[in-house]
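I have placed the structure first, in the form of structure tokens, so that the comments after it can refer back to it.
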């Protein structure tokens, strides 16, 4: 029996995934499953570039606004909930379209990887935070490198969250992340994933990223961060994400407005570069030109 088909549209931030996926969904009676580790959070709208109701054009979206910013949400949680959404869409006789740029979330689906849903060890996390703050994140990066040299290749030396994750997985299970991936990749894959990624010339993509940051600030990113702080009486861990942490530094008078803007743009460009590296490692990905008309790219997707 052939497996149900699921279309995947991935690529770096600001590459046009949202616009393409919505037009595709309209054409083929599809519904969208977000694959974005920040869009899952309620109240975090501007900085995560969530599609507005107007932009959605009546297309149902799943995996957006599903948890509070102060709740923990793991890759295992994402995989479980995203698969429930995919099955629901298929039961309606519609086409599931998975859309986003979070490589870890995507790999958990297309390779059926069971990332361990480890119990959060608050004491160990505090210990890691203390080492990172006092002795520098580099120390933990080198420790993670000894534990899992393969996984660390995909991670920036400044990526606190993912460095912590490598160490926490090993602490909780005694196995590194890569070893667990190898075992779980033997799982039977439930759906027939057709994976497409949007590519851009670097200069053009960076220009789009810079423009997007300017628009986010015009749309009220700073006010959004202030509202979240007021609502939760603190800055939840989720708000340490890209774009948000720089605004917090500005609000704490640690950097100037101009420094904040430049820092958000620079870190977003770096993130886009890491995303491209990640998606290029997925052998089944078919690359399509982001500069081409949406109609042309829809035709390419439907011909697969």
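Here are a few things to note about the model shown:
- Residues that are part of a helix (DSSP H, G or I) and within 30 Å of residue 61 (Cα to Cα) occur at least once in segment 163-179.
- Scanning segment 138-161 for residues that are buried (at least 17 other Cβ atoms within 10 Å of the Cβ) and within 22 Å of the chain's Cα centre (by Cα) yields 141, 144, 148, 151, 152, 155, 159, 160.
- A single member of 144, 132, 151 is assigned to a helix (DSSP H, G or I), under 23 Å from residue 102 (Cβ atoms) and modelled with pLDDT under 90, and it is 151.
- So residue 12, is it part of a loop (DSSP other than H, G, I, E, B) and within 30 Å of residue 233 (Cβ to Cβ): no
- Taking segment 54-64 as the range and being under 19 Å from residue 13 (Cβ atoms) and either part of a loop (DSSP other than H, G, I, E, B) or modelled with pLDDT under 95 (or both) as the test, the residues that pass are 63, 64.
- Residue 188 in a helix (DSSP H, G or I), at pLDDT below 90 and under 21 Å from residue 107 (Cβ atoms): no
- Count - residues of segment 75-105 that are closer than 22 Å to residue 274 by Cα and not in a helix (DSSP H, G or I): 5
- Counting only residues that are over 17 Å from residue 191 (Cβ atoms) and surrounded by fewer than 23 Cβ atoms within 10 Å (Cβ to Cβ), segment 1-19 holds 4 of them.
- Only one entry in 51, 69 is over 19 Å from residue 6 (Cα atoms), part of a loop (DSSP other than H, G, I, E, B) and in contact with a strand residue (DSSP E or B) (Cβ under 6 Å, 6 or more places away or on another chain), namely 69.
- Answer residue from segment 269-304, given it is farther than 19 Å from residue 106 by Cβ and within 19 Å of the chain's Cα centre (by Cα) and is surrounded by the fewest Cβ atoms within 10 Å (Cβ to Cβ) among those: 270
The values are calculated or read from the model by the stated rules, or taken from the named source; none is laboratory data. Here the structure is a predicted model, which is why all the values come from computation and not from measurement. A quick note on method: Cβ atoms are made from the backbone with ideal geometry, for glycine too, and the neighbour counts reach across all protein chains shown.
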